[in-house]
1. Tell me, which residue of the stretch B:462-509 that is crowded, with 22+ Cβ neighbours inside 10 Å and not in a helix (DSSP H, G or I) is modelled with the lowest pLDDT?
2. For residue A:668, indicate whether it is crowded, with 16+ Cβ neighbours inside 10 Å and either within 12 Å of chain B (Cβ to nearest Cβ) or at pLDDT 95 or above (or both).
3. Take the stretch B:337-360 and flag every residue that is on the phi < 0 side of the Ramachandran plot and buried (at least 20 other Cβ atoms within 10 Å of the Cβ).
4. Identify all residues within the stretch B:608-636 that are surrounded by fewer than 18 Cβ atoms within 10 Å (Cβ to Cβ) and in contact with a strand residue (DSSP E or B) (Cβ under 8 Å, 6 or more places away or on another chain); write none if there are none.
5. With more than 22 Å from residue A:435 (Cβ to Cβ), at pLDDT below 90 and away from chain B (no Cβ under 14 Å) as the only criterion, which of A:114, A:4, A:10 stands out?
6. Which of the numbered conditions does residue B:382 fail, given that it passes all the others? Conditions: (1) surrounded by 19 or more Cβ atoms within 10 Å (Cβ to Cβ); (2) within 14 Å of chain A (Cβ to nearest Cβ); (3) closer than 23 Å to residue B:167 by Cβ.
7. Which ones in the stretch B:540-555 are surrounded by fewer than 21 Cβ atoms within 10 Å (Cβ to Cβ) and facing chain A (nearest Cβ under 9 Å)?
8. Looking at residue B:639 and the list (1) touching a strand residue (DSSP E or B) at 6+ places or on another chain (Cβ under 7 Å); (2) in a loop (DSSP other than H, G, I, E, B); (3) more than 10 Å from chain A (Cβ to nearest Cβ), which single condition is not satisfied?
């Protein structure tokens, strides 16, 4: 094997700093070298300016991009202070993804000459090489927090683009590219094997990597999640061109019933009738490879997007009467782990067509066996049913904060297993990449038969600006210092509620539930109620999954992704004692009664009918039960009609504060236990901008 | 003199508690008695339900109102705990003033029977009498803070209504009222004396009463103001019916040119052609008195509203070519104090037709001489040019917080001097009553000739919800405790600015000027600049008058009137060193330069063009000058267009905070002196609801 191909991602915990430094230097240069080799495929420099895909930048952008990325990340990580070429580092910074047509208007871009970009690449390469020589390194190796992380991130980023650019080159006109020996395609082709469904035994799958993992990972790979996977059947082979042709010939691209709505919409827009790289010729089908065209090899894996793969499965399901679909991420992993016992950095030679260790193309689907299955990894990526999501424990790497989060939108499905050109992190067991479902990579699929329900990972970080401040108020730090407001409130109540320990509590205005969980340290059962469904959804997620995520607004358009775990607050044991309901506090169902204690936070001021709420509340309490009101008496005209307010106006000529109204309503049923006190509540709008409420806390005891 | 008339308001500082208690009891009962006497004028109880004025309640309301007022004020003052009749105390609470027609819809009211109201009055009278017996009293007497204040306020309130009800009775049909001997009218009538303008020597007038004044005062009488009044001429007599008739016969009610816009608008609406109580009869004019009609006495003072008095003056000015107008409050007081050497509680018998010591009507304008002038006090109230305003030092009495503030609107002009039925506080030298300019009381006028400019008291308390929070932030307490933010900010800067003492400072985003005044403790000259004219107006008022007023929002519709004085902060001596300008910080005139120090607070985030502001700012500073930025980096899309922001967005794919933008712009000209620090800024929206900003404070030195 040539030194430039089949490179392994390096062990970042190598304890010998000199060795690690040189391994990294080698990895860096070989990454640059292989990328240069890729671009040699272009007929000449003018091809860099052609747009291979109508919604993507021309390749000149990517030529500059992988170099500029190092500098941009090292600048933002404060590893280096000086830019190499500020104009290039701005021009080549963003635009990797599919764009909208107006963003791509070429009038916005004045691409530089290729020699200039090559010179720039050389300067960056020298700068990074120098940095590799100079950055301090010790026996702890390179960790997520290390300034070195920007270097290894740059290398792995470049390796991703090695693959994505190979796809773009594959989309260029054939006469603009050259088939080089270096990128030799697999010479093997023939009839496809008969596919078959073979059993996969169920089991528990653990996903996610922890900080001790020695190999580079993108932020979305960290954290942990566990799944119990049922037994299923999986196709022995990846779906071959021959097998996919059956679908086409059965009217696959003409019959809407096989397609998801999204799929049919894409097909109609694209006028697609064949997979993207197939071409119908007089003498049958051709297959476009990266730099050449060959007769369609029937025994190679079909390459398609998720939407086509899914339509195939639906057709197959109808045809066979079996629950055919794509595997979920965890099903895919269960199948893999039973059959691949090694990982890229550790293997002698790749057990499949991956890591550029075999060919610069796919190969027959029966070429690489892994037990009774073939192509468990390698050859082409395999689409899954799972939209990418964050594992619990996910955190963003600060120097590349939008690598993953924008893809947690339910519209990017995971691809697994890697292709012939997947190298570096891409070829690792724990890598996770996701693309829009209509996107093309060197990707195909294996189908499975299973009636197991797919796990819903609809846990996109909360982004509603009306909801986020409550996430932060409930689970974030108190910006004024001291205890979090909900924890503090329950602490203030402790002396009063201690005698009620083991009883039943109702928490009105529970928001995302922090106070309810806190109350459940004392009470045997706590019901959290809020009028806002989105808040209750988060409270319930916290109970059921133990975490919530939200996008916190930091400054202007800058946001942070935040995950909060119940366990971080020592509240995981309370979850079983808490339940949440969406309800209007002014109009509670009869079932919300029999409580020993009621805590109502911001509940009067945000009640639709605060008078009815207060007149009714005693019915919810057991005899001698207690009621705590923590309220700002600040009415929202969108919620409480002026005529339904119970104070905060002039009555018979004199000021009539809300608490006077509260007192007059409650007094027949309650006695005020102690002088009310004030407690500050902050709602974070931005890092430097908050809403501050001085809550008025009063504690009442039901007379009988 | 009968014991029921000619009563004097009592000395609240009487040191003998028993004596004071009995004086108060006597004053209370005689006040009730005289009011009863007034209502005896009505033909029968049915008259209580007639509406004397189409925009006022019928007299039944006032019958209940003066009693209910005692209970309402004693309840809100927490002097008593139990109401006498909650329904009555609500029904009779509000509606004294002119109302809009829909508020008066009688369908809203179900007035009780008169015997019921009389019974209620009896109960209240007994309750107050009992209170007078029981409330503790010592040698300090009765002060503003005393629970007794509600009692004396109730009595004085009843005495106001004695007069205002007499005006309403005067508006009832003649056949519905009875002329009683008790309310005997003046029998003297005849030809009017020739009026003449006599000189009044100018001088200094001090207005306002302090807490040591022994006689009851309404809150608007307290505080102090001083004026230098120029010499002027004043009419020897009040304007008589005869003199006013000249105006009428000269087309006074037909020619718009004599009238103010407001006056003409009123006249057109009312279709007025004569003063309200005149009636044209076959045998000449009649004059309606409270309970009878008499031939118009030409030598009695005309009674009219301000608008008519003003039109007369304008006519007279045109006719004579002299600057004829009504006196201001201070001119009126200068004239009075030179001629009336006593005050109601101290005189043996009233020196004029006032305090019910002579007749139950006006009398001839040449009946009571005060030196060379007549009717300096008494006979009828005298309209002035001065809309009522708060003296510096004004504070609201908490049990009647809307007695005065609603009249500080520039639409209520002061009347002075009292009428024949002005008793109690109304008859005191320092009393201040004001009515809408179209209102009728027993009021006429004296004209003066003066070319002195009228003082503009346009100091209505600031009520703009966008401005008030800045008043409070600048001059109020820090709701989080500790120093006021502006004082704290200048304190934090002290070490840096001390070496620049005696120099010149610019304060951008000065709001209502607190920071500018604080900086002027150090600098010889401070220029405060803000973009918002209303803020600069307040800052300028603070400099020029030493105080500002604003209506603070407390809770819902409940507001507090707040006055802040420069002297309270020890800043009065700095005022001469400070000046304020309205200007756009992004586009400052060249004159704003040559500074040693610039403090810009919230100035970047609220700049129209923050980039231009920052690029330009070094030109304003002397060499080695210093710049302090305290900013929340929180853009308002109404002010700063998205494309003009200098941070708070993603740039080339990475977060680009505003301070990074600031740093890049400032660095060529400035060096950052120290690590930025945070300082909390609160903006009070309501007592329990604030906006909280964490300002980022950075200090820069100009390179050269």
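1. B:462
2. Considered against the rule, which asks whether it is crowded, with 16+ Cβ neighbours inside 10 Å and either within 12 Å of chain B (Cβ to nearest Cβ) or at pLDDT 95 or above (or both), residue A:668 comes out as no.
3. Those that are on the phi < 0 side of the Ramachandran plot and buried (at least 20 other Cβ atoms within 10 Å of the Cβ): B:344, B:350, B:352, B:353, B:354, B:357, B:358, B:360.
4. Scanning the stretch B:608-636 gives B:622, B:623, B:624.
5. Sole residue among the options that is more than 22 Å from residue A:435 (Cβ to Cβ), at pLDDT below 90 and away from chain B (no Cβ under 14 Å): A:4.
6. Unmet for residue B:382, out of (1) surrounded by 19 or more Cβ atoms within 10 Å (Cβ to Cβ); (2) within 14 Å of chain A (Cβ to nearest Cβ); (3) closer than 23 Å to residue B:167 by Cβ: (2).
7. B:554
8. (1)
The values are calculated or read from the model by the stated rules, or taken from the named source; none is laboratory data. Predicted model only: the values in this text are computed from it and were never measured. For neighbour counting, all protein chains shown are included, and Cβ atoms are generated from backbone atoms with ideal geometry for every residue, glycine included.
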